[in-house]
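> Take a look at this one; I'll ask things after.
The values are calculated or read from the model by the stated rules, or taken from the named source; none is laboratory data. Predicted model, so just to flag it, every value in this text is computed and none were measured. Ideal geometry is used to build each Cβ from the backbone, glycine not excepted, and the neighbour counts take in all protein chains shown.
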Amino acid sequence: MIYHSISVNVSGYYFAHTWTSDRSLSDDDSDGYPRLHRRVQAIPRTAQLLEHAGLQRRRHTCGVVGLAIARQLASREGTSTILLERHDAAGTETSSRNSEVIHAGIYYGTDSLKAKLCIRGKQMMYDLCAKQGIPHRNTKKWIVAQNEEQWNAALGTHKLAQTLGVPTRLVGREEAQRREPEVQALAGIVESETTGIVDSHSLMMYLQGDLEDRGGDCAFLTNVTGIEALNGGRDGYRITAVSADGTQTSITAETLINSAGNGACAINNMVLPRERHRTPHYAKGTYFSYSASFPKTSVLVYPATLPGHGGLGTHLTLDLAGRIRFGPDVEWVDDPTDLKPSPARLQQALPEIKAYLPHVDPEAISLDYCGIRPKLGRGGAVNTGKGFQDFVIQKEEGFPGFINLLGIESPGLTSSLAIAEMVEGLLYR
Ligand SMILES: Cc1cc2nc3c(=O)[nH]c(=O)nc-3n(C[C@H](O)[C@H](O)[C@H](O)COP(=O)(O)OP(=O)(O)OC[C@H]3O[C@@H](n4cnc5c(N)ncnc54)[C@H](O)[C@@H]3O)c2cc1C
């Protein structure tokens, strides 16, 4: 979550040692931010930030999206930003359990936030990575079809990409054989030329460092357990959090930004009335590592996505060292902490992998890790899929200063810098 006004980043250490519960604080301070101001003075960096008491504050939880938003807002003059995170480091949930693909933005409808933010975010990501030396590569991606139904789906994606102005092209048999002899595509190939990969950990390290350079702070080991909209949010938001040692703390801020990933619906439900509560859905994805050096590819390989599929199919991605990994698949679960890979998933994934990589060695494929997509429904992942669900990024009516980000699944990593730009726009324009 982010409080906007003073944007304050507080680490768990600061939080536990400098703030205290409401019980020990007087309620008669009148500057609007008495508790926070008084308690953080012992901490040089934060105290310095809070010299701006009375100015704007923001607060958010921190995956790659939270970090990008906090960094964006922290550069605003006369504000301070606090980033709240229940773990002891940034990006340990969904942001470190994904495919690290810089998506091109070709699967979503022209009017969708997913398309707009992915296309804009991709460009911003390539520019930032090039400028800051963050490891990345424009690998390109092949969408491969094995039959007529898949080919029609691939062509549909190609057509949509043309409408969106994103470069894609058809790859002929001779070119396919020359470039990627191990990849099988019986019915055809569409190439996405702007797809790539990024080292998401380096990216997050950069974002966190830059956030701090801009005057922001992170409050780690700070689990938000309650939020009260004071006078309907007009007097700000009182956030209650529990630190690692069980200490309960409470702070008040003018602006609150919910970018809590799989915890975002819970935060939403703390703030908004019952009729505006949201139910989270969790789509677990299991990854499989590949230890053999053959077969190899230099492009990412995705099966054509059929309408209604909750993900993009068990695809082949590469890390920056060129190692292959397969996945993620889609498995609906009830528990967002259910991150244990299940051996049964491997058996289901094998035929999908063999369809496009027939010489793959099954003995070299092993269960790797899982990630959980924060979903708002169990619909399809692409535009043509039944029940397509766009990102929700909005000001909440009747709750001034509260910006809500829900369902930030893929392509959230790619879109993160553009989402940050959008949130700043919602607050300031
Ligand atoms: C399997 C999988 C593959 C993906 N592949 C890609 C890809 O290749 N390319 C791409 O662009 N996107 C991909 N994504 C999507 C991308 O990973 C996410 O959109 C992105 O990481 C979301 O970032 P976030 O900051 O919103 O959420 P998170 O990273 O989940 O961060 C939210 C943070 O909020 C914290 N939090 C939650 N509740 C509380 C609370 N009450 N108090 C304090 N802290 C709290 C959590 O601890 C967490 O650290 C993939 C996702 C998955 C699951």
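> Which members of the range 199-221 meet the condition of being of a type in the set (A, V, I, L, M, F, W, C) and in contact (Cβ under 8 Å) with a residue 40 or more places away in the chain?
Passing the criteria: Leu203, Met204, Leu207, Leu211, Cys218, Ala219, Phe220, Leu221.
> When you scan the range 333-340, do you find a residue that is more than 24 Å from Glu93 (Cα to Cα) and in contact (Cβ under 8 Å) with a residue 40 or more places away in the chain, even just one? Step through it out loud before you land on a result.
Keep residues of the range 333-340 that are more than 24 Å from Glu93 (Cα to Cα), which gives none.
No, that holds for no residue.
> I'd like the full set of residues that are touching a residue at least 24 places away in the same chain (Cβ under 8 Å) and either surrounded by 23 or more Cβ atoms within 10 Å (Cβ to Cβ) or among the polar types (S, T, N, Q) (or both), limited to the range 120-135. Explain how you work it out, then say what you get.
First, the residues of the range 120-135 that are touching a residue at least 24 places away in the same chain (Cβ under 8 Å): 120-122, 124-126, 128-129, 132, 134-135.
The answer is Gly121, Lys122, Met125, Gln132.
> Of the residues in the range 160-177, how many are more than 17 Å from Gly121 (Cβ to Cβ), out of contact with any Asp or Glu (no Cβ under 9 Å at 6 or more places or on another chain) and surrounded by 14 or more Cβ atoms within 10 Å (Cβ to Cβ)?
2
Residue by residue, here is whether (1) assigned to a strand (DSSP E or B); (2) without any contact (Cβ under 8 Å) to a residue 60 or more places away in the chain; (3) within 11 Å of the ligand (Cβ to nearest atom); (4) more than 24 Å from Leu376 (Cα to Cα) holds:
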site: Gly232; (1), (2), (3), (4): no, no, no, yes
site: Ala264; (1), (2), (3), (4): no, no, yes, no
site: Arg278; (1), (2), (3), (4): no, no, no, no
site: Ala283; (1), (2), (3), (4): yes, no, yes, no
site: Thr286; (1), (2), (3), (4): yes, no, yes, no
site: Ser289; (1), (2), (3), (4): yes, no, no, yes
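> Within the range 401-420, count every residue that is of a type in the set (S, T, N, Q) and touching a His at 6+ places or on another chain (Cβ under 8 Å).
Matching residues across the range 401-420 total 2.
> Let me spell it out: the conditions are (1) surrounded by fewer than 21 Cβ atoms within 10 Å (Cβ to Cβ); (2) in the same structural domain as Ala304 (by the TED database); (3) touching a Ser or Thr at 6+ places or on another chain (Cβ under 9 Å); (4) in a helix (DSSP H, G or I), and Glu182 meets all of them except one. Which number is the exception?
So the condition that Glu182 fails would be (4).
> If you don't mind, there's one more thing I want to ask. Which ones in the range 74-109 are more than 7 Å from the ligand (Cβ to nearest atom) and free of Cβ contacts under 8 Å to residues at least 40 places away in the same chain?
Scanning the range 74-109 gives Glu77, Gly78.
> Can you name every residue in the range 389-399 that is within 16 Å of the ligand (Cβ to nearest atom) and outside any strand (DSSP E or B)?
Gln389, Asp390, Phe391
> When both residues are 6+ apart or on different chains and their Cβ atoms are under 6 Å apart, which pairs have a first residue that lies in the range 401-412 and is more than 12 Å from Gly261 (Cβ to Cβ), and a second that is near the ligand (Cβ under 6 Å from one of its atoms) and at pLDDT 95 or above?
Pro411/His103
> Ok, one more. Quick one: which of Gly232, Gly216, Gly226, Gly246 is surrounded by fewer than 16 Cβ atoms within 10 Å (Cβ to Cβ), under 26 Å from the mean Cα position of the chain (by Cα) and in the same structural domain as Met270 (by the TED database)?
On the way: Gly232 fails: under 26 Å from the mean Cα position of the chain (by Cα); Gly216 fails: surrounded by fewer than 16 Cβ atoms within 10 Å (Cβ to Cβ); Gly246 fails: under 26 Å from the mean Cα position of the chain (by Cα).
Matching residue, one of Gly232, Gly216, Gly226, Gly246: Gly226.
> So which residues in the range 400-429 are more than 7 Å from the ligand (Cβ to nearest atom), in contact with a strand residue (DSSP E or B) (Cβ under 8 Å, 6 or more places away or on another chain) and within 14 Å of Leu73 (Cβ to Cβ), if there are any at all?
Across the range 400-429, the qualifying residues are Gly401, Ile403, Ile419, Met422, Val423, Leu426, Leu427.
> Could you list, in sequence order, the residues of the range 63-114 that are part of a helix (DSSP H, G or I), of a type in the set (A, V, I, L, M, F, W, C) and surrounded by 24 or more Cβ atoms within 10 Å (Cβ to Cβ)?
Once the filter is applied, which keeps residues that are part of a helix (DSSP H, G or I), of a type in the set (A, V, I, L, M, F, W, C) and surrounded by 24 or more Cβ atoms within 10 Å (Cβ to Cβ), the range 63-114 yields Val64, Val65, Leu67, Ala68, Ile69, Ala70, Leu73, Ala74.
> Let me ask something else. Does Asn269 satisfy the criteria of being more than 23 Å from Thr79 (Cα to Cα), free of Cβ contacts under 8 Å to residues at least 12 places away in the same chain and part of a helix (DSSP H, G or I)?
It is true that Asn269 is more than 23 Å from Thr79 (Cα to Cα), free of Cβ contacts under 8 Å to residues at least 12 places away in the same chain and part of a helix (DSSP H, G or I).
> Also, I was wondering about something else. Taking Glu228 as the residue in question, decide whether it is part of a strand (DSSP E or B) and among the acidic types (Asp, Glu).
Yes.
> In the range 234-255, which residue that is modelled with pLDDT of 95 or more and within 20 Å of Leu67 (Cα to Cα) is farthest from the ligand (Cβ to nearest atom)?
In this case the residue turns out to be Ile239.
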